1. From 162, 147, 166, which residue is out of contact with any Lys or Arg (no Cβ under 7 Å at 6 or more places or on another chain) and part of a helix (DSSP H, G or I)?
2. Between a first residue in the range 132-150 that is farther than 15 Å from residue 171 by Cβ and touching a residue at least 60 places away in the same chain (Cβ under 8 Å) and a second residue that is hydroxyl-bearing (Ser, Thr, Tyr) and in a helix (DSSP H, G or I), which pairs have beta carbons less than 7 Å apart while being 6 or more apart in sequence or on different chains?
3. Considering each of 91, 124, 118 in turn, give the residue that is free of Cβ contacts under 8 Å to residues at least 40 places away in the same chain, surrounded by fewer than 19 Cβ atoms within 10 Å (Cβ to Cβ) and acidic (Asp, Glu).
4. Among the residues of the range 68-87, what is the count of those that are of a type outside the set (Gly, Ala, Ser), out of contact with any His (no Cβ under 9 Å at 6 or more places or on another chain) and surrounded by 14 or more Cβ atoms within 10 Å (Cβ to Cβ)?
5. If you go through the range 120-134 one residue at a time, how many are part of a helix (DSSP H, G or I) and more than 13 Å from residue 186 (Cβ to Cβ)?
6. Tell me, which residue of the range 156-190 that is over 25 Å from residue 125 (Cα atoms) and of a type in the set (Lys, Arg) is surrounded by the fewest Cβ atoms within 10 Å (Cβ to Cβ)?
7. Would it be correct to say that residue 134 is over 23 Å from residue 31 (Cα atoms) and out of contact with any strand residue (DSSP E or B) (no Cβ under 8 Å at 6 or more places or on another chain)?
8. Taking the stated definitions as given, is residue 29 modelled with pLDDT under 90, within 27 Å of the chain's Cα centre (by Cα) and assigned to a helix (DSSP H, G or I)?
Amino acid sequence: MTEDVSALEIVRTRSLASLVGQEIEAMILAGNLAAGERLNEQQLATRLGVSRGPVREAVRGLERSGLVVSVRNQGSYVRSVSAAEALEIYDLRAALTGLACARLAGEATAVQRDLLGDLVQRMDAAREADAAAAYYALNLEFHAALLAHGGGPRARRLYEDLGNELHLFRRRALVEPENMRESNAEHAAILAAIAAGDPAAARAAGEAHIAGGKRRFRETDASTPAEARAAPKRRPRPAG
C-alpha cells in the first residue's frame, strides 16, 4: 500500500512540476524573470502557491532545456547571453546547419525525408492553431533530425551546445504567427532541396533559414539597436 501511495505521489509531483515549469518558463519569456536573475525557489513556490519540491524539479527541467543555468554552491539563474554573443552563435549555427543539409541532400533515405516532411506538416498545423510552444518543440525536433542524420558526432555536439545558449531568444522570436509561418516556409525549402538531391541548394537553404532566425531575433530583441532591428530583409545569395 505504501509503495502504491509513493508511486502516486511521484506522478502527482512530476505533473505539478511540469505545470510549475510552464509557469516559470512563461515568466522568463515575458521578461518577468530577467536574464541573469537568480531563481529563488522559496519565493517562486510562494508566488505559485506550491511547495519547493515541484519548483526544484521544474528548475532542473528548465536547466535541461537551456533556459536556466546552475552554478555550483550558488544556485540557479536565468541563462544570460548578450545580443552580440547571440548574433555570433547564429552565424556558427548557420554553418553547421548548412553542412548537415548539404550532406542530407546527397545521402538522405526515404525514411529520413518522410520524417522531416512529417515534422514540417505538424509545424504547419501548430502554426495554424497559434500553438507557439508546440511549434517550438517540433522546430527543435526538426533541427535535431537534420543534425542527427546529416552531421557527425562533433557537429551534433557543437550544435546542441550552441542551441542551448539560444533557447530564450529562439522561443521569443517564434511567438508571432507570421514568424512561425516564415520559419516553416524555410523548413519546407530545406526539405525540397534535400528531396531534390541538390547539396548546394540544401546548404544555401539551411544557411538562409538560420539567417532568417537571426533577423527575427533582431526584430524581437529589445537590446538590439533600433537600426539593426529595422534592417531590411535580404535574399540569400546563391551558393557558388
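The values are calculated or read from the model by the stated rules, or taken from the named source; none is laboratory data. Computed from a predicted model, the values in this text were never measured in an experiment. So basically every Cβ, Gly included, is an ideal-geometry build from the backbone, and we count neighbours across all protein chains shown.
1. Details: 162 fails: out of contact with any Lys or Arg (no Cβ under 7 Å at 6 or more places or on another chain); 147 fails: out of contact with any Lys or Arg (no Cβ under 7 Å at 6 or more places or on another chain).
Going through 162, 147, 166 in turn, just one is out of contact with any Lys or Arg (no Cβ under 7 Å at 6 or more places or on another chain) and part of a helix (DSSP H, G or I): 166.
2. Sorted first by the residue in the range 132-150, then by its partner, the pairs are 146/97.
3. It is 118.
4. Here the count works out to 6.
5. 8
6. At the first step, the residues of the range 156-190 found to be over 25 Å from residue 125 (Cα atoms) are 156-162, 164-165.
Checking the rest, the ones that are also of a type in the set (Lys, Arg) come to 156-157.
On the way: 156: 17, 157: 12.
Among those that are over 25 Å from residue 125 (Cα atoms) and of a type in the set (Lys, Arg), it is 157.
7. No, not satisfied.
8. Yes.
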